[in-house]
Amino acid sequence: MPPAAGPIRESGDEHNREERICVAAGRGHVTEGDSGEQMGSPKVIILLSVVIGVLFAAGGCTSPGVPGGGSPQTEQESSAAPGGLAPGGSVLPDTGLGRAEGVTLQASVDTSRVTVGDPITYILTLTRPAASEAIIPAPDSALGKFEVRKWEQLPEEVLADGRVTDGRECVLSCFEIGEQEIPPLEIGLISVAGETTALRTLPVPIVVQRISPADAEEIKDIKELIYPPRRFPLRQVLIGLLAVGLAAGAVLSFRRRGLFAPQEEGPAPPSLPPHEIAYHDLERIAGLDLVERGLYKAYYTEVSEVIRRYIGGRYGIATMELTTGELLASMRQIEVEREYIVLFGQFLARCDLVKFAKFLPPREEMKAEVHRARELVDATRVVEPGPEPEALEVASSSRSGEVQA
């Protein structure tokens, strides 16, 4: 029986070599062992291939790149099993309440493709045991890149198996174009034992498109300006010449009739000193009886203008367009006596009160204003030889009809 010992020993060596090859396959390479000749024989290679295939099929050896054996797809499914994917894209908790305890969380939208600013209805649904309590906080004014336009609680519903359904309805809007995501929402679930479990939804993808009509075309550039052909305005020129001719004929016709004949002006009246003009104007105002007729504002206006004209002629100041303050300042600049500036300022201030502030002094005091004005002229006039009385009458005749009843 000695010949049988060789094959038995050889079979044992092959078994040990298979174990070494199986272990080495988990590390990503194959060892040849002590005998290189046996590894190179076709019989041994075929045998090793069969053994390795059986080991992979049975799960006895680990697959490269996937710890613990098995395909990558099997590993993803097993890792998802503890939490699980709830319908509608939500995640069940990893601890506390699981799928076995009947807890589901769903987040859904009415559409996944909108245009800028369109409303999106986002519904959050939690199915839980009746004895548990849900904590669903409301988001702020924004949920990621989405603006929260409405957030309201849906009525609770009791299912046939005794579970309770809580819901929230949220209306969102997005104003950024492109692929966006509604971020996850976290809620809390308190069990009967008082343990709190965190639940989180998965992000919901939304595609936001720009607003454009279906038949929209590319915006075209502005066309060049088109100018109308230039033509000589013959009609307008003829009408203009006709109008000029008619006007010239009318002027010649009137001149022949003497309507436009130049009138010869007589010699200019001799100029009077300012104080003489003021005296005649004050006498004219006194004769109008404005105070007796109740025309107080007209009376003070006439008296103040006489004094202003006198100051302008006496000191060479353009007084009629100046306020009382500006007039007094101009008199200071030309170094008029301070006493006279004070007197003129008091007189003009009383006139301004009646003209602009509707102040009404006693009637006797009103009548005395003409006398006070004459005293101011007497105190400040320049004494010079006066003109003939005829010149005074000519100078005062131009102001005889200014204020009438």
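The values are calculated or read from the model by the stated rules, or taken from the named source; none is laboratory data. Here the structure is a predicted model, which means the values were calculated and not measured. Because the Cβ atoms are built from the backbone with ideal geometry, glycine has one as well, and the counts that use them run over all protein chains shown.
Just a few scattered comments:
- Filtered residues of the stretch 287-304 (kept if crowded, with 16+ Cβ neighbours inside 10 Å and in a loop (DSSP other than H, G, I, E, B)): LEU288, LEU290, VAL291, LEU295
- Given (1) at pLDDT 90 or above; (2) crowded, with 17+ Cβ neighbours inside 10 Å, index of the condition SER132 fails: (1)
- Unmet criterion (only one of (1) without any contact (Cβ under 8 Å) to a residue 40 or more places away in the chain; (2) more than 15 Å from THR323 (Cβ to Cβ); (3) in a helix (DSSP H, G or I)) for LEU353: (2)
- Any hit, the stretch 160-168, residues being assigned by TED's automatic domain parsing to the domain that holds THR104, touching a residue at least 60 places away in the same chain (Cβ under 8 Å) and over 34 Å from the mean Cα position of the chain (by Cα): yes
- Yes/no for LEU241 being loosely packed, with under 10 Cβ neighbours inside 10 Å and more than 36 Å from the chain's Cα centre (by Cα): no
- Residue within the stretch 288-296 that is among the basic types (Lys, Arg) and over 56 Å from the mean Cα position of the chain (by Cα) present: yes
- Inter-residue pairs, beta-carbon under 6 Å, first under 15 Å from VAL204 (Cα atoms) and in the stretch 101-124, second among the acidic types (Asp, Glu), 6+ apart: THR121/ASP110; ILE123/GLU169
- Picking from residues in the stretch 103-127 that are assigned to a strand (DSSP E or B) and polar (S, T, N, Q), the one that is nearest to the chain's Cα centre (by Cα) is THR115.
- Close pairs from the stretch 208-223: first surrounded by fewer than 10 Cβ atoms within 10 Å (Cβ to Cβ), partner modelled with pLDDT of 75 or more, Cβ under 8 Å, at least 6 apart: ARG210/THR115; ARG210/VAL116; ARG210/ILE177
- The residues of the stretch 151-176 that are farther than 18 Å from ARG113 by Cα, surrounded by 11 or more Cβ atoms within 10 Å (Cβ to Cβ) and not aromatic (Phe, Trp, Tyr), listed by number, are GLN153, LEU154, GLU156, GLU157, LEU159, ARG163, VAL164, THR165, ASP166, GLY167, ARG168, GLU169.
- Residue within the stretch 139-158 that is on the phi > 0 side of the Ramachandran plot, touching a residue at least 24 places away in the same chain (Cβ under 8 Å), out of contact with any strand residue (DSSP E or B) (no Cβ under 9 Å at 6 or more places or on another chain) and outside any strand (DSSP E or B) present: no
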